[in-house]
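Undergrad: Okay, handing you the structure first.
The values are calculated or read from the model by the stated rules, or taken from the named source; none is laboratory data. Everything quoted here is computed from the prediction, not taken from an experiment. Every residue, glycine as well, gets a Cβ built from its backbone with ideal geometry; the counts of neighbours run over all protein chains shown. Surface accessibility is based on the protein's heavy atoms, side chains included, excluding ligands, DNA and RNA. Shrake-Rupley method; radii C 1.70, N 1.55, O 1.52, S 1.80 Å.
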Amino acid sequence: MSIRTILIHPDARLRKKCELVKNFDSKLDNLTQDMLETMYEAPGIGLAAPQIGVMLQVFVMDCALKDEKPNPLILINPSILWHSEETSVHSEGCLSIPEQYEEVTRPKSVKVSFQNVKGMVSEISFEGIEATCSQHEIDHLNGKLFIDYLSNLKKKMITDKMKKLKRELARK
Ligand code: NI
């Protein structure tokens, strides 16, 4: 396993629609293990493949609290089958937009279909933080970021901060 480099916004790869996974092979297994390791190391509660420059419909998440046992989830080719009319507001962040947190309104619960690393199809229902996290990650697979839900002004301010951060990181 290895820790991959997380892309920082703005980056064209964070704005593309990802491709469906067709090969459920050991390479995919390695990718998902690397993604989990990278997410835990960051640390974060979710990571989508495009965030490490892999343009495939894959994300991992683990919303377990610190004192709970880990609950790593790997979702391949996910799609939202149903979402509640009821919404909730959570403060969201993103490993590709470090240290920026803003409130985003999303459906409170969702039902998602996905494949596991072996290609088996199943469905899972999420609510609370898991519903928010899964929707945030599925957005990544469609080239969408949480800042797209904010006002243009806020979005620009955050993007400018990230450009500055990237310049600083490049200098190191
Ligand atoms: Ni994110």
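Undergrad: The chain: longest stretch without exposed GluC sites (Glu not before Pro) (DSSP loop, at most 14 other Cβ within 10 Å), sites themselves excluded? Don't skip to the end; give the middle numbers.
TA: Details: sites that count: E68, E85, E86.
It works out to 87-172.
Undergrad: Evaluate the distance, in nm, between pseudo-label points positioned 7 Å from the Cα of V121 and of M1 along their respective Cα→Cβ axes.
TA: 3.0
Undergrad: Could you give the semi-axes, largest first, of the ellipsoid that matches segment 13-79, computed as the square roots of 5 times the alpha carbon gyration tensor eigenvalues and rounded to whole Å? Kindly include the intermediate steps, with their values, before the conclusion.
TA: Numbers: eigenvalues 89, 34, 22 Å².
Over the Cα atoms of segment 13-79, the ellipsoid semi-axes are 21, 13, 11 Å.
Undergrad: When ligands, DNA and RNA are left out and all protein chains stay put, how many square angstrom of accessible area per residue does segment 84-156 have with a 1.4 Å probe? Could the numbers behind the result be given before it?
TA: Values: 3740 Å² over 73 residues.
Result: 51 Å² per residue.
Undergrad: So what does I8 come to for accessible area, using a 1.4 Å probe and Å² rounded to 10?
TA: We get 30 Å² for I8.
Undergrad: Roughly how many whole Å is it from the C-alpha centroid of segment 83-145 to that of segment 6-63?
TA: 14
Undergrad: Oh, and also: Taking each pair of distinct Cα atoms in the chain once, what is the resulting Kirkwood hydrodynamic radius in Å?
TA: Values: mean 1/r = 0.0608 Å⁻¹.
Radius from the Kirkwood sum: 16.5 Å.
Undergrad: Can you send over the carbon and sulfur percentage of the accessible area for segment 12-171, probe radius 1.4 Å, protein chains only?
TA: Ligands and nucleic acids excluded, carbon and sulfur give 52 percent.
Undergrad: While we're here: Which aspartates and glutamates, on any chain, are close to K161 with Cα under 12 Å apart, when same-chain ones fewer than 8 places away are left out?
TA: Output for K161: E99.
Undergrad: Taking only DSSP H segments of four or more residues, each worth -39500 (n - 2.57), what value at 222 nm results for the chain once the sum is divided by all its residues, to the nearest 500 deg cm²/dmol?
TA: On the way: 3 runs with 49 residues, N = 172.
Counting only the DSSP helices, I get -9500 deg cm²/dmol.
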